[in-house]
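Only one structure is covered here, and it is reproduced in the block below.
The values are calculated or read from the model by the stated rules, or taken from the named source; none is laboratory data. All of these numbers come straight from a predicted model, not from anything done at the bench. Glycine gets a Cβ as well: all are built from the backbone with ideal geometry, and neighbour counts include every protein chain shown. Side chains are part of the model used for accessible areas, which takes the heavy atoms of the whole protein and leaves out ligands, DNA and RNA. Shrake-Rupley method; radii C 1.70, N 1.55, O 1.52, S 1.80 Å.
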Amino acid sequence: MLLTLLGYKRKQKNLIMSELRDATVDQMINEIVSRRGVQTDRMPPDVQRWVHLIHKHLTSDELSISFLLEQPGVSKKTAERFRMYFGQTTKSYITTLRMELALRLMREENVDAMTVAVYVGYRSRSTFLKAY
C-alpha cells in the first residue's frame, strides 16, 4: 500500500512538475538564491559544483548529502568547504530553500500544501510539516 501511495505521489509530482517547472519554478529558485546573496564565482570549483547540484536537484526527493557525494567533482571536503562559505550545513541550506520555494508556490501559484510538499522534495506531508 505504501509503495502504491509513493508511486501515486511521484506520478502526481511529475504531472505538477511538468506544469510548473518550466520557467516559473526555475525563476523562483533563481530569485530566492539571488536574494540570499549567493555568489559562487568567488568559491572553489568543487563548491560551485556542489551549489549548482543543490539548485538543479532542489525539488527532487533524491537530493541528499549521499546523492551529492555520488556526483563527480565533489567530496566530503566539499561539504566542509560549503559550510565554511555559507555558514550553515548543506541540509539546512536545502531545507531553507525548499521552504522558501514552498511558500512562494502556495502564495503565488495557489498550490495546496500536500502538492507543494511532494513537489519540493518531501515524500510525505508530515515530513514537510516537520521541516516547516
List every residue pair whose Cβ atoms lie under 8 Å apart, where the two residues are 6 or more positions apart in sequence or sit on different chains, the first residue falls within region 59-75 and is touching a residue at least 12 places away in the same chain (Cβ under 8 Å), and the second residue, located anywhere, is open to solvent by 60 Å² or more (accessible area, probe 1.4 Å) and not in a helix (DSSP H, G or I). Asp61/Arg123
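I'm checking my understanding of the structure. Among residues of region 33-55 that are among the charged types (D, E, K, R) and surrounded by fewer than 17 Cβ atoms within 10 Å (Cβ to Cβ), which one is farthest from Phe82 (Cα to Cα)?
Arg35
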Any residue in region 23-39 that's closer than 15 Å to Arg98 by Cβ: show its pairings with residues that are in a helix (DSSP H, G or I) and of a type in the set (Lys, Arg) at Cβ separation under 7 Å, as long as the two are six or more apart or on different chains. Met28/Arg104
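One line per residue, one yes/no per condition, for (1) surrounded by 17 or more Cβ atoms within 10 Å (Cβ to Cβ); (2) within 14 Å of Ile29 (Cα to Cα):
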position: His57; (1), (2): yes, yes
position: Asp61; (1), (2): yes, no
position: Phe67; (1), (2): no, no
position: Met84; (1), (2): no, no
position: Gln88; (1), (2): no, no
position: Lys91; (1), (2): no, no
position: Glu100; (1), (2): yes, yes
position: Asn110; (1), (2): no, no
position: Tyr119; (1), (2): yes, yes
